[in-house]
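Colleague: Encoded as structure tokens, here's the structure I'll be asking about.
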Ligand code: DLL
């Protein structure tokens with residue numbers, strides 16, 4: 001679709017969803033009234049700025065079903081994301097929502113190069129998490145053979161991968177990396193597998209980490225983005241050119257705003273992604289603040305698709321570590337650690353307050369444990385990592401090198417930042 005046609009479609013849908021939210025969700029009705037906004041005020045796409053923003057706290061305050069726009073009878077599926085504190089955030093889907101979800105997933109799966117010849121092993125946890133079922137329905141829609149193996153039981157996963165001739169692996173990047181390492185330890189060779197494409201996502205992974213995963217599993221990895229509140233996976237994903245993640249813009253209208261002022265960022269500038277669901281029936285959201293930081297490129301892609309593309313998520317405005325006034329993203333640290341051959345791709349970040357100063361400790365595993373006995377070599381490696389971190393982050397971090405296989409392996413999303421302040 002040309003940008004002009006796409007924008008016309010988005011405008012028509014935006015008008016409809018603003019009115020739909022006002023008429024069907026008390027929370028939005030009250031918000032519009034309190035802000036003195038009439039849903040009919042939307043005449044152009046930029047009028048979206050008059051609509052209220054929605055936050056995770058709004059979902060929590062209306063727990064569990066308060067934001068549903070349809071009678072409960074019309075809701076045919078519930079998902080939820082656990083979050084770190086308190087109650088989960090709950091989402092409800094109508095039959096049409098599930099249909100739209102498999103459509104957007106099928107598009108992204110196709111864009112990544114997966115089709116009906118593929119055997120797709122889904123190693124996301126099945127359950128309230130949206131990752132597994134989202135990919136599941138999309139993959140069935142394109143006609144792939146789905147193996148719903150879920151997460152965990154890693155040795156069996158690898159056995160199935162070999163015996164079934166799995167061509168497509170679906171997992172978090174962290175779990176994919178772990179499966180690659182484990183396969184190697186168990187004595188499997190790359191030739192034992194038919195892996196071709198990895199559909200990864202649900203957490204940030206640096207380009208360097210992606211390269212490690214591709215090398216260990218012998219596949220081509222694409223990045224997929226989404227969140228339960230909006231639908232799950234399916235919001236955006238990479239095509240074969242991997243030059244940004246194509247946004248399913250006809251269903252999810254993206255804005256990039258300054259997280260402090262909520263003013264729109266200029267085209268191409270980094271800011272918080274704020275998304276309006278244009279077609280959802282069960283639980284539509286207006287201007288949902290994702291807290292994820294990215295930027296958007298509106299030029300058509302080499303693949304021919306005209307949808308806007310977002311950069312890989314740089315980090316979350318709320319998992320950014322603020323250290324001595326400097327903003328540090330775990331992804332920056334990861335990009336320093338990954339290319340180094342003497343350390344493994346597993347690391348943890350500890351943030352502490354000592355006196356008035358905040359400190360960062362980067363704990364990372366050695367590939368060869370015997371280095372721990374060679375003090376001067378160990379010291380040298382520590383210094384090298386520290387110097388590289390200083391160049392990239394502009395701050396000093398303590399580097400602790402630990403024995404191989406002592407850092408936790410995650411089967412879902414990794415939790416690498418421990419803030420002890
Ligand atoms: O993680 C949905 C999903 C499942 C996406 C499978 C892709 C694949 P939640 O559990 O609600 O939903 O977590 C959403 O995860 O706000 C981001 O911070 C992060 N996230 C998701 N995908 C990516 C990605 C699913 N590709 C939160 N890169 C989002 C970086 C991601 N972060």
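None of the figures in this text is laboratory data; all of them are computed from the coordinates on show. Remember, predicted model here, so these are calculated numbers, not experimental data. A quick note on method: Cβ atoms are made from the backbone with ideal geometry, for glycine too, and the neighbour counts reach across all protein chains shown.
Colleague: For segment 287-421, with equal point scatterers placed on the C-alpha atoms only and solvent neglected, what are the log10 I(q)/I(0) values from the Debye formula at q = 0.19 1/Å, to two decimals?
Modeller: -1.14
Colleague: So which residue, out of 236, 376, 344, gets the largest mean-square fluctuation from a GNM of the chain using Cα contacts under 10 Å as springs?
Modeller: 376
Colleague: So how compact is segment 355-421: Cα radius of gyration and Dmax in angstrom?
Modeller: 13.6, 37
Colleague: Additional query: Rg to Rh for segment 289-368: what is it, with Cα atoms only and Rh by Kirkwood? Show your work: numbers first, answer last.
Modeller: Details: Rg = 17.1 Å, Rh = 15.4 Å.
So for segment 289-368, dividing Rg by the Kirkwood Rh gives 1.11.
Colleague: Please rank 46, 202, 317, fewest neighbouring Cβ atoms within 10 Å first, as an exposure proxy.
Modeller: Numbers: 46 10, 202 25, 317 17.
Listed from fewest to most nearby Cβ atoms, that is 46, 317, 202.
Colleague: Just for the Cα atoms in segment 231-285, what are the lengths along the principal axes, largest first, rounded to whole Å?
Modeller: Over segment 231-285, Cα extents along the principal axes are 33, 29, 16 Å.
Colleague: Hey, if you drop one equal point scatterer on each alpha-carbon of segment 303-349 and run the Debye formula without solvent, what base-10 log of I(q)/I(0) do you get at q = 0.13, 0.18, 0.22, 0.32 Å⁻¹?
Modeller: Taken in order of the listed q values, log10 I(q)/I(0) reads -0.47, -0.71, -0.86, -1.21.
Colleague: Quick check of the Kirkwood formula: for segment 77-174, what is the inverse mean of 1/r over all pairs of different Cα atoms, in Å? Working shown, then result.
Modeller: Working: mean 1/r = 0.0702 Å⁻¹.
Roughly 14.2 Å, rounded to one decimal.
Colleague: Please arrange 177, 108 by counting, for each residue, the other beta carbons lying within 10 Å of its beta carbon, fewest first. Numbers along the way, then the final one.
Modeller: Details: 177 25, 108 28.
Fewest to most other Cβ atoms nearby, the residues stand as 177, 108.
Colleague: Using a Gaussian network model on the chain with a 10 Å cutoff between Cα atoms, which of 406, 167, 130 fluctuates the most?
Modeller: Judging by the Gaussian network model, the answer is 406.
Colleague: Okay, next question. Restricting the count to DSSP beta bridges whose residues both fall in the chain, what percent are antiparallel, rounded to a multiple of 5? List each step's numbers first, then the result.
Modeller: Values: 41 of 65 bridges.
Once the DSSP bridges in the chain are tallied, antiparallel ones form about 65 percent.
Colleague: Now for a separate question. If you bin the C-alpha pair distances of segment 241-323 every 5 Å from 0, what whole percents do you get?
Modeller: Result returned by the calculation: 3, 15, 23, 24, 19, 11, 4, 1, 0.
Colleague: Can you tell me the 0 to 90 degree angle between the C-alpha axis of helix 154-164 and the longest principal axis of the chain, rounded to 10?
Modeller: With both axes taken from Cα atoms, the answer is about 80 degrees.
Colleague: Dividing the alpha-carbon radius of gyration of segment 144-193 by 2.2 N^0.38 Å (N being the number of residues), what value is obtained?
Modeller: Numbers: Rg = 10.2 Å, N = 50, 2.2 N^0.38 = 9.7 Å.
Dividing the Cα radius of gyration by 2.2 N^0.38 Å gives 1.05.
Colleague: Still on this structure: Rounded if a/c is under 1.5, else prolate if a/b is larger than b/c, else oblate: which is segment 99-252, with a ≥ b ≥ c the root eigenvalues of its Cα gyration tensor?
Modeller: prolate
Colleague: Determine one quarter of the surface area of the Cα convex hull of segment 1-124, which equals its mean projected area, and express it in nm² to one decimal. Write out the running numbers ahead of the final one.
Modeller: Working: hull surface 42.1 nm².
Projected area, direction-averaged: 10.5 nm².
Colleague: Please report, for the Cα atoms of segment 7-75, the Rg to one decimal and the Dmax as a whole number; what are they, in angstrom?
Modeller: Using the Cα atoms of segment 7-75, the pair Rg, Dmax is 12.7, 35 Å.
Colleague: Same structure again: If you line up the long axis of helix 173-185 against the longest principal axis of the chain, both from Cα atoms, how many degrees apart are they, to the nearest 10?
Modeller: Approximately 30 degrees, to the nearest 10.
Colleague: Taking the inverse of the average 1/r across all pairs of different Cα atoms in the chain, what Kirkwood radius in Å do you get?
Modeller: Working: mean 1/r = 0.0439 Å⁻¹.
Radius from the Kirkwood sum: 22.8 Å.
Colleague: What does segment 150-223 give for Rg and for Dmax, in Å, if only its C-alpha atoms count?
Modeller: In Å, with Rg to one decimal and Dmax whole: 11.1, 31.
Colleague: On to the next question. Taking 1 over the mean of 1/r across every pair of different Cα atoms in segment 197-350, what Kirkwood radius in Å do you get? If you can, show how the numbers build up before the last one.
Modeller: Details: mean 1/r = 0.0602 Å⁻¹.
After inverting the pairwise mean of 1/r, the radius is 16.6 Å.
Colleague: When ranked by the protection proxy of mean other Cβ atoms within 10 Å per residue, highest first, what sequence do the peptides 284-293, 259-268, 10-19, 299-308 form?
Modeller: Working: 284-293: 21.8, 259-268: 12.1, 10-19: 18.3, 299-308: 14.8.
Ranked by mean Cβ neighbours within 10 Å, highest first: 284-293, 10-19, 299-308, 259-268.
Colleague: What is the spin-label model distance, in nm, from residue 375 to residue 266 if the labels are put 7 Å beyond Cα along the C-beta direction?
Modeller: 5.5 nm
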